[in-house]
Amino acid sequence: DAGVIQSPRHEVTEMGQEVTLRCKPISGHNSLFWYRQTMMRGLELLIYFNNNVPIDDSGMPEDRFSAKMPNASFSTLKIQPSEPRDSAVYFCASSLTIRGGGYTFGSGTRLTVV
Amino acid sequence: AQRVTQPEKLLSVFKGAPVELKCNYSYSGSPELFWYVQYSRQRLQLLLRHISRESIKGFTADLNKGETSFHLKKPFAQEEDSAMYYCALSPGGSEKLVFGKGTKLTVNP
């Protein structure tokens, strides 16, 4: 297994544009998480899914952010419209729903909004 | 609310010296605690979890419920231990992880 795969690795976009980040979890994992990492706030959980269903989206900053998981092997995080303060590294992680199972992280997408 | 505090942003030690990365948590129930590590240019990966009571790469961590701490320790640091270390808490029965802000460990030769 290639692990959790995220694309793109880097994204530079202009303020106001739509940005879509993609994630392919590990096959067989049934939980998927989106985190945002910044120097000021560290790693923040944005949203997580279990069996493709959103369970907790309380970390999604505002309506400009949306996430979907149409099937067990794919998820997207969309920002529309993007703003410079959205610049961060966005990580996707997946896990089995087993107590204490731990996460497997992707390599992240570094987003820069200019 | 759950919170994880790592009081040291940066920690620098010499090779062979003991190292302790501090982690304190705030949670009223029974948490599960983890340490994650991110080496340079690599992805974040699980180092150890308290329920396993394991030692990975010479690191150990003991959950102290009285002090609400889960400090990471290694008796003799190595240069290859240089990395970012994140303490994380999973509220009992939950899948989500709450992370601390991380400590950057540098082991000098």
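What follows draws every value from the coordinates through simple rules; no lab data is involved. Everything numeric in this text was worked out from a predicted model, so none of it was measured. Glycine also receives a Cβ, built like all others from the backbone with ideal geometry; neighbour counts cover every protein chain displayed.
Numbers at a glance
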read-out	value
The stretch B:41-54 - phi-based ³J(HN,Hα) in whole Hz, Karplus 6.51/-1.76/1.60, Gly and Pro as x	6, 10, 7, 5, 9, 5, 9, 7, 10, 5, 5, 7, 6, 9
Vicinal HN-Hα couplings computed from phi for the stretch A:109-114 (Karplus, 6.51 cos²θ - 1.76 cosθ + 1.60; Hz; Gly/Pro x)	10, 8, 9, 10, 10, 10
Compactness relative to 2.2 N^0.38 Å, alpha carbon Rg of the protein assembly as shown	1.02
Estimated FRET transfer efficiency when R0 is 35 angstrom, pair residue A:39-residue A:71 (beta carbons, to 0.05)	0.55
Listed pairs A:68/B:73; B:73/B:101; B:65/B:101 exceeding 29 Å between Cα atoms	A:68/B:73
Separation of the residue B:67 and residue A:2 label points, Cα + 7 Å toward Cβ, nm	4.5
Hz values of 3J(HN,Hα) by residue in the stretch B:2-9 - Karplus curve (6.51, -1.76, 1.60), Gly and Pro given as x	8, 8, 10, 10, 10, x, 9, 6
DSSP-loop chymotrypsin sites (Phe, Trp or Tyr not before Pro) across the stretch B:20-87, with at most 16 other Cβ within 10 angstrom	B:39, B:76
Relative contact order of the stretch B:1-101, defined on C-alpha pairs under 8 angstrom at six or more residues apart (%)	37
The stretch B:11-109: trypsin sites (Lys or Arg not before Pro) falling in loop per DSSP and having at most 12 other Cβ within 10 Å	B:41, B:53, B:57, B:65
Net length gained if the chain between residue A:10 and residue A:62 were fully extended (0.36 nm per residue, minus Cα distance)	16.5 nm
Kirkwood estimate for chain A, i.e. one over the average of 1/r between Cα atoms, Å	14.0
Cleavage-rule hits, trypsin sites (Lys or Arg not before Pro), the stretch A:9-98, DSSP coil, Cβ neighbours within 10 Å at most 12	A:9, A:41
